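Chemist: First, the structure itself, so that you have it in front of you.
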Amino acid sequence: MMQQGMPQPAYYIFKCQQSAPAGMPKPSCVSQSNPESQELFGYLAQMLMTKGIMGTVQPIQTSCLGRCQQGPVMLVEPGHTMYTNLDKAKIDRIIEEHLVGGKVVDEYVIADEFWGEPISPASMV
């Protein structure tokens, strides 16, 4: 008899937690000057637990995802969907519409000029 384990997640959410030291001119996804940015990963995890979908959606803390000017950012896989300029209200809507409803929240997705199509490693060799 097969044991029931943790389900395979339907989504992985990579949330940038990079923080630049105070006084650095480069923006970062977790900022001393934006207290809400410091709370977003915890808020995301809390909302996933509250909705009862933590097992099927796996939040992962990452360092820089390379889109600092658009931060705070998070990447949702599958789909390679980069959400930008996050706040708690946007996270609520992304959970409801994308993760539960299956529809990307287009107005929060990074602009094509900052993202575009992925480059295949094979094309680089």
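None of the figures in this text is laboratory data; all of them are computed from the coordinates on show. The structure presented is a predicted model; accordingly, all values stated were derived computationally and were not measured. Here the Cβ is made from the backbone with ideal geometry for all residues, glycine too, and neighbour counts use every protein chain on show.
Chemist: Calculate how steeply helix 35-51 sits against the longest principal axis of the alpha-carbon atoms of the chain, using the helix alpha-carbon long axis, and give the answer as 0 to 90 degrees to the nearest 10.
Modeler: The helix 35-51 is inclined about 10 degrees to the chain.
Chemist: Quick check on the exposure proxy: order S63, S19 from fewest to most C-beta atoms within 10 angstrom. If you can, show how the numbers build up before the last one.
Modeler: Values: S63 9, S19 16.
Placing the least packed residue first, the sequence is S63, S19.
Chemist: Would you mind working out the magnitude of the charge dipole of the chain relative to its Cα centre, with +1 at each Lys and Arg C-beta and -1 at each Asp and Glu C-beta, to the nearest 20 Debye? Display every interim value, and only then the final one.
Modeler: On the way: 8 positive and 12 negative charges, 65 e Å.
Dipole size: approximately 320 debye.
Chemist: Here's another thing I want to ask about it. If R₀ is 30 angstrom, what is the calculated FRET efficiency for the pair E113 and T56, using the beta carbon separation as r and rounding to 0.05? It would help to have the intermediate numbers written out before the result.
Modeler: On the way: r = 33 Å, r/R0 = 1.09.
In this case the efficiency is close to 0.35.
Chemist: If you don't mind, there's one more thing I want to ask. For the range 75-125 and the range 14-52, what is the separation of their Cα centres, given in Å?
Modeler: Spelled out, the Cα-based centre of one part sits 17 Å from the other.
Chemist: How far, in nm, would the chain grow between Q69 and A89 when pulled straight, counting 0.36 nm per residue and subtracting the alpha carbon separation?
Modeler: On the way: separation 20, 0.36 × 20 = 7.20 nm, distance 1.98 nm.
Full-extension gain reported as 5.2 nm.
Chemist: So if each residue of separation counts as 0.36 nm, and I subtract the Cα-Cα distance between K103 and A45, what length gain in nm does that give?
Modeler: Numbers: separation 58, 0.36 × 58 = 20.88 nm, distance 2.00 nm.
Contour length minus Cα-Cα distance gives 18.9 nm.
Chemist: Considering only DSSP beta bridges whose two residues both sit in the chain, what percent are antiparallel, to the nearest 5? Display every interim value, and only then the final one.
Modeler: Details: 9 of 15 bridges.
So the antiparallel bridges in the chain amount to around 60 percent.
Chemist: What would the Debye equation give as log₁₀ I(q)/I(0) for the range 1-112 at q = 0.24 Å⁻¹, counting only Cα atoms as equal point scatterers?
Modeler: Log10 of I(q)/I(0), two decimals: -1.42.
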